Amino acid sequence: MPTVRHIRFHGRGGEGVKLASRIASRALFLAGFTVQDSPVYGAERRGAPVVAFVRFAHGPILERGYITSPDVLVVMDDSLFALPEAGVLEGIGPTALVLVNTTHGSAFAERLRIAGRVVTCDVSTIALAVLGEHFLSSPIAGATVKAAGLTSRDRLLGAVRVELAEVGLAPELAEKNVAAALQAFNQVPEVGLGAACQDMPPASMSRFNFPRLPGRLAAPSISVAANSALHTTAGWRVYRPVIELARCTRCFLCFALCPEGAIGLDTESYPHVDYDHCKGCLVCVAECPPKAIAEVREDAA
């Protein structure tokens with residue numbers, strides 16, 4: 001049996017988790033590996049947790065399903081560490097490479113006591129600076145390929161171009177993604193793969209005998225009706241809306257159009273944001289007639 005290596009991506013809907021896994025697997029395919037990539041998500045929604053997997057080997061890949069013990073863990077949104085149900089650190093051993101998109105540097109990993117070899121990179125800032133939006137697929141794939149020492153820079157950039165052409169992205173936008181991937185590639189150190197993690201025991205390799213997922217990974221986390229008020233979506237934001245009340249004309253549009261009902265009115269009919277349930281869609285910013293609502297990067301808020 002060939003040694004199969006495993007990469008698991010954790011991110012949020014809208015950040016490009018699935019495409020990041022495809023770019024990484026395409027780069028490995030161009031390097032001559034047999035590859036397999038697949039995403040897992042439930043009711044797809046912007047900001048909701050999403051997981052994607054890449055397997056690669058010099059030979060046939062007979063495994064399927066959830067990657068329980070990745071050789072490389074890629075965390076595209078550090079707010080996911082606060083969600084136990086996301087299972088971000090499940091199966092991480094001391095030889096695993098853990099790549100985290102964060103502004104907090106190595107201190108972040110020390111505080112979480114992550115077992116693996118941790119590399120941090122502020123991929124969000126690269127994406128916002130180069131692409132103008134929080135779309136992380138190309139730069140996070142670039143950082144992953146470099147940190148894990150998967151293949152060459154040229155194969156990575158070729159993979160970005162192929163995958164973005166397949167999804168129909170305009171050539172000028174594709175080249176911006178190439179630039180973002182290259183910047184992330186150059187910014188992270190090459191740590192390399194550690195000892196191979198055996199994701200499934202050899203006895204489970206039969207196509208009729210796959211391990212079952214724990215219920216909290218296989219099923220939605222909704223357990224009772226009318227519990228949305230108990231679950232914060234604050235971690236979904238990249239930007240938060242900040243209302244300048246002195247410029248507000250009390251037109252009520254932000255209150256009426258907020259898709260999450262996260263904007264309420266006080267006794268004087270001025271709007272206020274419930275940041276525990278604001279997911280950062282910024283509809284209010286776009287629709288405010290007097291431009292009294294600013295978008296502020298969450299880390300600076």
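The values are calculated or read from the model by the stated rules, or taken from the named source; none is laboratory data. Fair warning: this is a prediction, and the values are worked out from it, not measured in the lab. Please note: Cβ atoms are built from the backbone with ideal geometry, for glycine as well, and neighbour counts cover all protein chains shown.
At-a-glance table
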{"quantity": "Residue ID - farthest from Val145 (Cα to Cα), chosen from residues in the range 77-124 that are in contact with a helix residue (DSSP H, G or I) (Cβ under 9 Å, 6 or more places away or on another chain) and either of a type in the set (Ser, Thr, Tyr) or outside the structural domain of Ser137 (by TED's automatic domain parsing) (or both)", "calculated": "Ser79"}
{"quantity": "Residues located in the range 245-257, provided they are in contact (Cβ under 8 Å) with a residue 12 or more places away in the chain and farther than 13 Å from Ile293 by Cα", "calculated": "Leu257"}
{"quantity": "Complete set of residues in the range 103-126 that are within 16 Å of the chain's Cα centre (by Cα) and at pLDDT below 90", "calculated": "Thr103"}
{"quantity": "Condition check for Arg64: more than 21 Å from Thr95 (Cβ to Cβ) and of a type in the set (D, E, K, R)", "calculated": "yes"}
{"quantity": "Elements of type strands (runs of 3 or more DSSP E) in the range 33-123, at least 2 residues being touching a residue at least 24 places away in the same chain (Cβ under 8 Å) and more than 20 Å from Leu136 (Cα to Cα)", "calculated": "34-40, 49-57"}
{"quantity": "Given (1) touching a Phe, Trp or Tyr at 6+ places or on another chain (Cβ under 9 Å); (2) of a type in the set (A, V, I, L, M, F, W, C); (3) under 18 Å from Pro189 (Cα atoms), number of the condition Val54 does not satisfy", "calculated": "(3)"}
{"quantity": "Candidates Asp299, Asp266, Asp276, filtered to the one that is over 24 Å from His104 (Cα atoms) and modelled with pLDDT under 95", "calculated": "Asp266"}
{"quantity": "Positions within the range 31-48 being at pLDDT 85 or above and closer than 18 Å to Val17 by Cα, in sequence order", "calculated": "Val35, Gln36, Asp37, Ser38, Pro39"}
{"quantity": "Failed condition for Phe29, given (1) assigned to a helix (DSSP H, G or I); (2) closer than 20 Å to Leu136 by Cα", "calculated": "(2)"}
{"quantity": "For Glu166: the one exception among (1) within 23 Å of Ala20 (Cα to Cα); (2) at pLDDT 65 or above; (3) under 19 Å from the mean Cα position of the chain (by Cα)", "calculated": "(3)"}
{"quantity": "Hey, Ser138 surrounded by 19 or more Cβ atoms within 10 Å (Cβ to Cβ), at pLDDT below 95 and within 23 Å of Arg22 (Cβ to Cβ) or not", "calculated": "no"}
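Conditions tested, residue by residue: (1) in contact with a strand residue (DSSP E or B) (Cβ under 7 Å, 6 or more places away or on another chain); (2) among the aromatic types (Phe, Trp, Tyr); (3) surrounded by fewer than 19 Cβ atoms within 10 Å (Cβ to Cβ).
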position: Met76; (1), (2), (3): yes, no, no
position: Pro84; (1), (2), (3): no, no, yes
position: Thr95; (1), (2), (3): no, no, yes
position: Phe108; (1), (2), (3): yes, yes, yes
position: Leu112; (1), (2), (3): no, no, yes
position: Ile126; (1), (2), (3): no, no, no
position: Gly142; (1), (2), (3): no, no, no
position: Lys146; (1), (2), (3): no, no, no
